[in-house]
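Peer 1: Dropping a structure here in structure tokens format, bear with me for questions.
The values are calculated or read from the model by the stated rules, or taken from the named source; none is laboratory data. Fair warning: this is a prediction, and the values are worked out from it, not measured in the lab. Glycine gets a Cβ as well: all are built from the backbone with ideal geometry, and neighbour counts include every protein chain shown. These area figures cover heavy atoms from the full protein model, side chains too; ligands, DNA and RNA do not enter into them. Shrake-Rupley method; radii C 1.70, N 1.55, O 1.52, S 1.80 Å.
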Amino acid sequence: MTTLNIVILAAGRGQRMHSDKPKVLHSLAGRPLLQHVLDTAVQFASGITCVVYGHGGEAVPQAMAKYKADFVLQEPQLGTGHAVQQALPHLNDDTLTLVLYGDVPLIQPGTLEKMLGAQQALTLLTIHLDNPTGYGRIVRDSAGNVSCIVEEKDATTDQRAIREVNTGILAVPTHLLRNWLSKLRNDNVQGEYYLTDIVAMAVAQDVAVRTVQPAHGWEVVGINSKAQLAELERTWQYEQAHQLLVHGVTLADPARLDVRGKLICERDVEIDVGCIFEGDVYLGNGARVGAYSIIKNTRIGANTYIEPYSHIDQVNIGDNCRIGPYARLRPGSKLHNEVHIGNFVEVKNSEIATSSKANHLSYIGDSSVGSHVNIGAGTITCNYDGANKHRTIIEDDVFIGSNTQLVAPVKIGRGATIGAGSTITSDAPKGELTLSRAKQITLPGWRRPNKRNNIPK
């Protein structure tokens, strides 16, 4: 068997979620539950990946359209065995089939690798719980071999006392699965076709039934309510915080951190409370991130300090920079080394070269800024004419006075100075002072108007 079929069951409505959205599209750590499972599955799938969906109609395949998977509708929904039956026409017989669940988002690759070790056996992922309520029980014979799985609603009092439970995740040779599914019956309390009934069939045919335990209990937690979703979110966030601590990252409070993607940290990184990291984020040696900053798909260089309440999205930031507080860096921007972006400064789709700074209350959009440039408070690059975007070019060693508007397209030559309060609509020559102001005047004897007290009602 050189390939692997993967079937992901994602048809459940999730009535306890109290939502019109399909349960598997609710988010954990910034991604839909089903996306977590698919991201894990693609690490193994060398054959067919089939997602069985139901509630929510086409919302599920539309949301997961980027994945190379077959989407199969289960309608009506008559149990887990019936769900897998819908996938059978898409599966290759000469391989193994792995069954996963779209509402069990955190199953880890290492656990699945252990399950795929036996090619000619039915392998079940089980776990021992202090409180097994709600789960199917693993029933073993006197020799300790698995004899069957009994759903809780069909279990006897003695069987309900069993603490080893079925997670639903299993691996089985596809040709055996096809044969067993054809024999399923729905003569049970629920009137459904249980996938778990194939265990008794395997025992009857002397097919080996082996069990594997997950490395972590949270890997097999299923989501059926918003409360369970919130609890698993915190569990997962603490797990990620713990891994960062193990690798030497300083966290002001591990309980107040959200990683919604992949966060890579080099040595001596410090992260304050309330920070959110989305997508792929890299923090270089000695980088510091201030409280309540949000950073998405960004690379931050060594010894750069992101001050509190900064928002950074799809930006490449060099070494020894200082950003914020309350700065906003938008997609397409690149900051070279030793750049300072201060409070209430917004940068969009711009490149700022080494040792330049914009420390206060400015907007830099669609611009190319040279090195050693000083951009004064209140400066705006007017990059949009109502229909098209235009670029502003500011060469090295330029000084832009406060409250300046640079109306693009415009070029400020090397070493130029722009006087405060200017509106620049034409290129400014290098090395010269350029300004645009009305002449200051004083009107002698002018008096402010008096406030009238007899204003008619």
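Peer 1: Rg/Rh for the stretch 1-123: what does it come to with C-alpha atoms and Rh from Kirkwood?
Peer 2: Taking Rg over the Kirkwood Rh, I get 0.95.
Peer 1: Between the stretch 205-220 and the stretch 76-113, what is the C-alpha centre distance in whole Å?
Peer 2: Using only Cα atoms, the two centres lie 15 Å from each other.
Peer 1: Sorting Lys23, Lys114 by accessible area (1.4 Å probe), largest first, what list results?
Peer 2: Ranked list, largest accessible area first: Lys114, Lys23.
Peer 1: With all distinct Cα pairs included, what does the Kirkwood hydrodynamic radius of the stretch 170-233 come out to in Å, to one decimal, could you say?
Peer 2: Computed over the stretch 170-233, the radius equals 14.5 Å.
Peer 1: So what are the stretch 166-300's ellipsoid semi-axes, whole angstrom, largest first, if each one is the square root of 5 times an eigenvalue of the alpha-carbon gyration tensor?
Peer 2: For the stretch 166-300, the ellipsoid semi-axes come out as 45, 16, 13 Å.
Peer 1: If you take every DSSP beta bridge fully contained in the chain, what fraction is antiparallel? Give it as a percent rounded to 5.
Peer 2: 15
Peer 1: Continuing with this model, one more query. Just reorder Trp446, Trp180 by solvent-accessible area, largest first, 1.4 Å probe, all chains present.
Peer 2: Largest to smallest exposure gives the sequence Trp446, Trp180.
Peer 1: Give me the accessible area of Glu278, 1.4 Å probe, in Å² rounded to the nearest 10.
Peer 2: It works out to around 50 Å².
Peer 1: Give the accessible area for Ile6 in Å² (nearest 10); use a 1.4 Å probe, count only protein heavy atoms, and leave out ligands, DNA and RNA.
Peer 2: For Ile6, the solvent-accessible surface is approximately 0 Å².
Peer 1: Over the stretch 1-102, what percent of the accessible surface lies on carbon and sulfur atoms, probe 1.4 Å?
Peer 2: About 46 percent, which is the carbon plus sulfur part of the accessible surface.
Peer 1: In square angstrom, rounded to the nearest 10, how much accessible surface does Tyr305 have for a 1.4 Å probe?
Peer 2: The value for Tyr305 is about 50 Å².
Peer 1: Moving on. Which value at 222 nm does the chain reach when only helices count, each DSSP H run of 4 or more adding -39,500 (n - 2.57), with the total divided by all residues and rounded to the nearest 500 deg cm²/dmol?
Peer 2: -4000 deg cm²/dmol
Peer 1: Here is a further query. Give me the one-decimal Kirkwood hydrodynamic radius in Å for the chain, with the sum taken over alpha-carbon pairs.
Peer 2: So the Kirkwood estimate lands at 26.3 Å.
Peer 1: Binning at 5 Å from 0, report for the stretch 341-457 what percent of all alpha-carbon pair distances ends up in each bin.
Peer 2: Reading the bins upward from 0: 3, 11, 20, 23, 13, 7, 4, 4, 6, 4, 3, 2, 0.
Peer 1: At 1.4 Å probe radius, can you tell me the per residue accessible area of the chain in Å²?
Peer 2: 49
Peer 1: Now for a different question. Using the reciprocal of the averaged 1/r over all distinct C-alpha pairs, how large is the Kirkwood radius of the stretch 42-112 in Å?
Peer 2: Kirkwood radius, the stretch 42-112: 13.3 Å.
Peer 1: Same structure, new question: Probe radius 1.4 Å, ligands and nucleic acids ignored: give me the carbon and sulfur share of the accessible area of the stretch 125-219 as a rounded percent.
Peer 2: Accessible surface attributable to carbon and sulfur in the stretch 125-219 totals 46 percent.
Peer 1: Modelled label-to-label distance, Ala215 and Asp385, 7 Å Cα→beta-carbon offset: nm?
Peer 2: If labels sit at Ala215 and Asp385, their model points lie 5.8 nm apart.
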